[in-house]
Amino acid sequence: MNLFKSRADAGQRLAEKLITYKGKENVLVLALPRGGVPVAFEVANTLQIPMTVFLVRKLGVPGHEEFAMGAISEEDVCTLDHSLIQQLNIPKEQIHRVLQKEKQELERRLYKYRQNKKLPPLKDKVIILVDDGIATGNTLKAAIQALKTLKPKKIVLAAPVASSDSIQKLSLLVDEIVCLATPEPFYGVGQWYHNFQQTTDEEVLRLLQNSPKK
């Protein structure tokens, strides 16, 4: 069943639920690329607040990459699901290989999307962290832990759709969650979108260039 026509449609509907932040000073939208960027663009546009990307990479289980065994993000934060790693008996060398590969991709995106510039200061800011959906929540967990080291005043997690398990888990880490739907059973984010084509680097750059500036 499709809940959303596209990421842009989902972003417009998500923005309606975040309208209290419209035009407020000291609020910044952070998008998780690539899929979170078209959603975040609509949020930032409607609320007329600036946005940028926050870089985080899922660490996929070798051979079953769609399953996350952890994640890495900017600010050198790495989270690992130790119980899963133990359960699947994943060797340290394999974890290290995945980690190195994703670190390279993180660095590539940092150069591509922000020309290696650091994030703007987040201290005492209200951060609206946006993704196109939440399945396990592992990637977002790493993003939130990294964000907390930058001392924002408040973290609002915003996503059009999520599994109820992930919402339960992440609600302990943030100040507020805005989510439009938590359907069950939840097999993956893409099943709830009519158009879930992969977001390209070019689209990310175009949306970042056209987003509100302050």
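The values are calculated or read from the model by the stated rules, or taken from the named source; none is laboratory data. As the structure is a prediction and not an experimental result, all values here were calculated from the model. Reconstructed Cβ throughout: ideal geometry from the backbone, glycine too, with neighbour counts over all protein chains shown.
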For segment 76-105, what are the residues that are under 17 Å from the mean Cα position of the chain (by Cα), closer than 23 Å to Thr200 by Cα and surrounded by 16 or more Cβ atoms within 10 Å (Cβ to Cβ)?
Glu102
How many of the residues making up segment 14-39 are surrounded by 18 or more Cβ atoms within 10 Å (Cβ to Cβ), in contact with a strand residue (DSSP E or B) (Cβ under 7 Å, 6 or more places away or on another chain) and either on the phi > 0 side of the Ramachandran plot or in a helix (DSSP H, G or I) (or both)?
5
Flag for Leu173 being within 28 Å of Lys123 (Cα to Cα), surrounded by 13 or more Cβ atoms within 10 Å (Cβ to Cβ) and either of a type outside the set (A, V, I, L, M, F, W, C) or at pLDDT 95 or above (or both)
yes
Kindly provide the set of residues from segment 102-139 that are free of Cβ contacts under 8 Å to residues at least 24 places away in the same chain and not in a loop (DSSP other than H, G, I, E, B), ordered by number.
Gln104, Glu107, Arg108, Tyr111
Scope segment 151-160; condition surrounded by 24 or more Cβ atoms within 10 Å (Cβ to Cβ) and either among the β-branched types (Val, Ile, Thr) or within 13 Å of Phe54 (Cβ to Cβ) (or both); matching residues
Leu157, Ala158
How many residues of segment 40-75 are crowded, with 19+ Cβ neighbours inside 10 Å, over 15 Å from the mean Cα position of the chain (by Cα) and on the phi > 0 side of the Ramachandran plot? The answer is 0
With the condition kept exactly as written, say whether any residue in segment 126-134 is at pLDDT below 95 and among the small types (Gly, Ala, Ser).
no
Test: Leu84 is of a type in the set (A, V, I, L, M, F, W, C), in a helix (DSSP H, G or I), in contact with a Lys or Arg (Cβ under 7 Å, 6 or more places away or on another chain) and not assigned by TED's automatic domain parsing to the domain that holds Val204
no
Going through segment 191-214 one residue at a time, which ones are surrounded by 15 or more Cβ atoms within 10 Å (Cβ to Cβ), in contact with an Asp or Glu (Cβ under 9 Å, 6 or more places away or on another chain) and at pLDDT below 95?
Tyr193, Phe196
Residues of segment 156-214 that turn out to be among the polar types (S, T, N, Q), outside any helix (DSSP H, G or I) and either farther than 18 Å from Ile144 by Cα or free of Cβ contacts under 8 Å to residues at least 24 places away in the same chain (or both), as a count:
8
